[in-house]
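Enquirer: I am attaching a structure below and will ask some questions about it afterwards.
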Amino acid sequence: MLSRRNRLLLLKMLSLFSIVRGYNVLMIILAQYLASVFILSPDLPLREVVLDPSLSVLVLASALVIAGGYIINSFYDSEKDLINKPHKSMLDRLVSQRTKLSAYFVLNFLAVLLGSYISFRASVFFLAYIFGIWLYSHKLKRIPFIGNLVSSTLAITPFFAVFVYYRNFETVIFVHAIFLFLLILAREMVKDLENIAGDLAQAYRTIPILYGTLFSKVTIMFLILLTLVPALLLIRKFDVGYMYLYFMASIVLLILFLILLWKAEGKKHYIWLHNILKFTIVAGVFSILLIDIDLVLNRLF
């Protein structure tokens, strides 16, 4: 049996993992490596990519900045989250605001330090990324649509870092990026519908609060229809291996999403819609393996 002190320590560790969204950070790390192997450097040997120390440092630094970003976001949204996410908020409050800020500065310092291992420009990149996340959390997230755009841009920034590292400028990569960006942007706007109660209480000026839920639904529908364009291009115009199966399935899922969107009336329905988009994004990470299934099979067997 764990002592009371050890139980409290374990709960605080779980709280910190919840605050930094550890599962999201791990997923982004996996996505960066899979994108590096199968999309950005398909001609390089798998071992050379995975064991590249510069790539490992780049991925780790990105993960630290993202974790720090979740911390500062939690710091600013602590009151709002009490309304929107009461259970998660109670767990997160086991870690004091002072501890959150200390962890935030340590993580960011380590990220910039790691960036200096690659180059001075990498350090500047991570400093700019850190500043962008802080500015979003402190100011920009309260500005309708601008906040959604900035949040979506910050979400794909780690992939931009890897993209620049490999200097691969093929069109197919940009189409992949547009597909992901539009999905994330639509998800951000669904989250605004999901969090109306807390946003109203904290005087956030989100799209559904300013223009109504109908306008939000129309905007989300427009974004989802736009998302179908890169999905169809990736199926018909580019060689993405067996990943075309993922894009076909995602089109079906997104059409179902549109049907459910118009029937949605409350927070429970918006959570379902949010989860559909989240599942589509996560499934897309693992489906990267389908781009070169022969490489995967050869490595496994």
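Enquirer: Over the stretch 170-301, what is the relative contact order in percent, taking alpha-carbon pairs closer than 8 angstrom and at least six residues apart? Before the final figure, lay out each step's value.
Expert: Working: 110 pairs, mean separation 42.2, N = 132.
Computed over the stretch 170-301, the figure is 32 percent.
Enquirer: Assuming 0.692 mPa s and 37 °C, estimate D for the chain with Stokes-Einstein, Rh taken as the Kirkwood radius over Cα pairs, in µm²/s.
Expert: 160 µm²/s
Enquirer: As a footprinting exposure proxy, order TRP134, TRP262 by other Cβ within 10 Å, with the fewest listed first.
Expert: Numbers: TRP134 18, TRP262 11.
Listed from fewest to most nearby Cβ atoms, that is TRP262, TRP134.
Enquirer: Would you mind telling me which residue in VAL65, VAL150, VAL218 has the biggest mean-square fluctuation in a Gaussian network model of the chain, where springs connect alpha carbons within a distance under 10 angstrom?
Expert: So, out of VAL65, VAL150, VAL218, the one fluctuating most is VAL218.
Enquirer: If neighbour count is taken as other Cβ atoms inside 10 Å, put ASP192, ASP43, ASP292 in order from fewest to most.
Expert: ASP43, ASP292, ASP192
Enquirer: Ok, one more. Please rank PHE75, PHE279, fewest neighbouring Cβ atoms within 10 Å first, as an exposure proxy.
Expert: Starting with the residue having the fewest Cβ neighbours, the order is PHE279, PHE75.
Enquirer: What pairs in LYS88/LYS278; LYS12/LYS80; LYS100/LYS268; LYS191/LYS263; LYS80/LYS141; LYS141/LYS267 have C-alpha atoms more than 24 Å from each other?
Expert: On the way: LYS88/LYS278 18 Å; LYS12/LYS80 21 Å; LYS100/LYS268 30 Å; LYS191/LYS263 16 Å; LYS80/LYS141 13 Å; LYS141/LYS267 20 Å.
Pairs exceeding 24 Å: LYS100/LYS268.
Each value in this text was obtained by applying a stated rule to the coordinates, not by laboratory testing. Computed from a predicted structure; not experimentally measured. Please note: Cβ atoms are built from the backbone with ideal geometry, for glycine as well, and neighbour counts cover all protein chains shown.
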